[in-house]
1. Please work out if residue 57 is modelled with pLDDT of 95 or more, part of a helix (DSSP H, G or I), within 27 Å of residue 136 (Cα to Cα) and not aromatic (Phe, Trp, Tyr).
2. Output the residues belonging to segment 116-133 that are over 21 Å from residue 13 (Cα atoms) and not small (Gly, Ala, Ser).
3. (1) in a helix (DSSP H, G or I); (2) closer than 19 Å to residue 189 by Cβ: which one isn't true of residue 123, the others all being true?
4. Considering every residue within segment 161-177, establish whether at least one is outside any helix (DSSP H, G or I), β-branched (Val, Ile, Thr) and either touching a strand residue (DSSP E or B) at 6+ places or on another chain (Cβ under 7 Å) or farther than 16 Å from residue 115 by Cα (or both).
5. Evaluate segment 21-28: report whether one residue or more is surrounded by fewer than 17 Cβ atoms within 10 Å (Cβ to Cβ), not small (Gly, Ala, Ser) and not in a helix (DSSP H, G or I).
6. Would you point out the residue of segment 139-176, among those that are touching a Gly at 6+ places or on another chain (Cβ under 9 Å) and either at pLDDT below 95 or more than 21 Å from residue 199 (Cβ to Cβ) (or both), that is surrounded by the most Cβ atoms within 10 Å (Cβ to Cβ)?
7. From (1) within 27 Å of residue 52 (Cβ to Cβ); (2) touching a helix residue (DSSP H, G or I) at 6+ places or on another chain (Cβ under 7 Å), pick out the condition that doesn't hold for residue 125.
8. Checking the condition among the small types (Gly, Ala, Ser), within 24 Å of residue 43 (Cβ to Cβ), touching a residue at least 40 places away in the same chain (Cβ under 8 Å) and surrounded by 22 or more Cβ atoms within 10 Å (Cβ to Cβ), which residue from 206, 132, 212 passes?
Amino acid sequence: MALHADAHDWTLRTAHNQDEMWELADEDGVREARLSYPSGWLFLTRDTATRGLVRLAAATGGEWEAEELAHELDQSEETVEQRLDDLVQLGVFREENKAYRPNSESVVAQTAERLRVSADEHGAEDGFRDIASPEAVRLMLDALLSMDADEDITQDDLHELVGLSKKSVWMHVERLANLGILVESGNSYVLDEANPVFGNVKALNAAVIGTALSP
């Protein structure tokens, strides 16, 4: 499924186009390839406006106009309208006569809220925000989605898998360790797939892909 934001053609990454993503990585780098073929996780956390709207939909009810949401999120109305269009397609919001209501039945919104709660329970100050930003954290989580639980992971591995500087990985990898997603093992890390925070990241990724691909 292709969703559109600004000048980007957001083609969600699936098993069918993953090879295309890695071909692009050879040309434009790993970071750009991941962002051009985002997982469901990356698509839903890709920018401030989308993250804010998802958090709002997961936590509140009510009915909003785009102008009100733009003021609430301190974003331009044009940007908010673009993100709302994507989130309506994913069922996170319902729209009628230019008014937007969070969809309480949305699997995506419900999973985002479970993720927030589990991250808070593991020491995050603001669960969804703390694991959805900065970009290094989002991209490392994206890379971990396709890794095996018993595989040793070094900071150099993460640097190569996300396409960011070693300094950026070094500065932010401890956030994943503090949440229990990565467990230190000598000079490397092991992914704890039983960790509920990571479990909810995986569930959120699957919810977005599943909703986008459903008839």
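The values are calculated or read from the model by the stated rules, or taken from the named source; none is laboratory data. Just so it is clear, the structure is predicted and the values come from calculations on it, not from any experiment. Quick reminder, even Gly has a Cβ in these numbers, built from the backbone with ideal geometry, and neighbours come from all protein chains shown.
1. Working: modelled with pLDDT of 95 or more: no; part of a helix (DSSP H, G or I): yes; within 27 Å of residue 136 (Cα to Cα): yes; not aromatic (Phe, Trp, Tyr): yes.
No; evaluated as a whole, the condition is false for this residue.
2. Applying the first criterion (over 21 Å from residue 13 (Cα atoms)) to segment 116-133 yields 116-130.
Matches in segment 116-133: 116, 117, 120, 121, 122, 125, 126, 128, 129, 130.
3. Against the list (1) in a helix (DSSP H, G or I); (2) closer than 19 Å to residue 189 by Cβ, residue 123 comes up short only on (1).
4. To start, the set of residues in segment 161-177 that are outside any helix (DSSP H, G or I) comprises 163-165.
After this cut, where a residue has to be β-branched (Val, Ile, Thr) as well, the list is none.
Checking segment 161-177: not a single residue is outside any helix (DSSP H, G or I), β-branched (Val, Ile, Thr) and either touching a strand residue (DSSP E or B) at 6+ places or on another chain (Cβ under 7 Å) or farther than 16 Å from residue 115 by Cα (or both).
5. No, because not a single residue in segment 21-28 is surrounded by fewer than 17 Cβ atoms within 10 Å (Cβ to Cβ), not small (Gly, Ala, Ser) and not in a helix (DSSP H, G or I).
6. Here is the first cut: in segment 139-176, the residues touching a Gly at 6+ places or on another chain (Cβ under 9 Å) are 139, 152, 163.
Of the ones still in play, those that are also either at pLDDT below 95 or more than 21 Å from residue 199 (Cβ to Cβ) (or both) are 152, 163.
Values: 152: 13, 163: 18.
It comes out as 163.
7. All conditions are met except number (2).
8. Details: 206 fails: surrounded by 22 or more Cβ atoms within 10 Å (Cβ to Cβ); 212 fails: surrounded by 22 or more Cβ atoms within 10 Å (Cβ to Cβ).
Within the list 206, 132, 212, the selection yields 132.
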